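Trainee: Below you'll find the structure I mean.
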Amino acid sequence: MLGTQAAVADPGWLQYVAAFAPLSTLVAAIIAGWIAWRTLAQRREADRRDQWWQRTQWAIDLAMDRDFSRAIVGLITLKHLATSDLCTNEDYQMLDKIGGAKIDALTLSEASADHEPSAAPGHTPWPSTHPPEHGPAARADVIPVQLESRGERVFATSTGMAQALTEADRLVSFVGSRHAGR
């Protein structure tokens, strides 16, 4: 008698649930697979971003080096890293400031080296936006460098300094164009 009561108490919807059990298992497996794939993709992106940032830190260290050849390598590398799809708007702003800081460091350090405390008013420090004049402050070995990002011309005292200024200017110009394009 218990067996017949169990058969009568069994509603019809349980048959449908039992029929769709394999399909629900398949749907659950697909959802779990999609979640695993998304997690893996996010992890891979985070790893790529971390590697990009490590290379960027290395390039910043080189770019700010006092040795012109090392600085040029760092600035070229920073420009290359700025082409990556991993570079964010904040990164573009940072790279712009780094390029500008390198230009400032080169122009200000050179001006500081030539600055004499007793210099007469109107003394133009090097590099400057004015060509050299004759006299004790004049230098025969100055190299004009056009800074497109700033719209001015400065004078470098060595080929290495001119190349570093040019690469820093290229970085600033490139980053500015990429940042404006986003």
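Trainee: What residue, among those in the range 53-66 that are outside any helix (DSSP H, G or I) and either in contact (Cβ under 8 Å) with a residue 60 or more places away in the chain or open to solvent by 80 Å² or more (accessible area, probe 1.4 Å) (or both), is nearest to Val172 (Cα to Cα)? Walk me through it before giving the result.
Mentor: Filtering the range 53-66 down to residues outside any helix (DSSP H, G or I) leaves 64-66.
Now narrow it down to the ones that are either in contact (Cβ under 8 Å) with a residue 60 or more places away in the chain or open to solvent by 80 Å² or more (accessible area, probe 1.4 Å) (or both): 64, 66.
On the way: Met64: 14, Arg66: 19 Å.
The extreme case among them is Met64.
Trainee: In addition: Specify the residue that is surrounded by the fewest Cβ atoms within 10 Å (Cβ to Cβ); the eligible residues are those in the range 143-169 that are of a type outside the set (Gly, Ala, Ser) and assigned to a helix (DSSP H, G or I).
Mentor: Thr159
Trainee: Could you list, in sequence order, all residues of the range 85-100 that are surrounded by 14 or more Cβ atoms within 10 Å (Cβ to Cβ) and touching a residue at least 12 places away in the same chain (Cβ under 8 Å)? I'd like the intermediate steps shown before the answer.
Mentor: Pass one, the range 85-100, residues surrounded by 14 or more Cβ atoms within 10 Å (Cβ to Cβ): 86-87, 91-92, 94-96, 98-100.
Hits for the range 85-100 are Leu86, Cys87, Asp91, Tyr92, Leu95, Asp96, Ile98, Gly99, Gly100.
The values are calculated or read from the model by the stated rules, or taken from the named source; none is laboratory data. Computed from a prediction, not measured in an experiment: that's the story for all the values here. Neighbour counts run over all protein chains shown; Cβ positions are idealised from the backbone, glycine included. Each accessible area value is taken on the protein alone, full model and side chains, heavy atoms only, with ligands, DNA and RNA left out. Shrake-Rupley method; radii C 1.70, N 1.55, O 1.52, S 1.80 Å.
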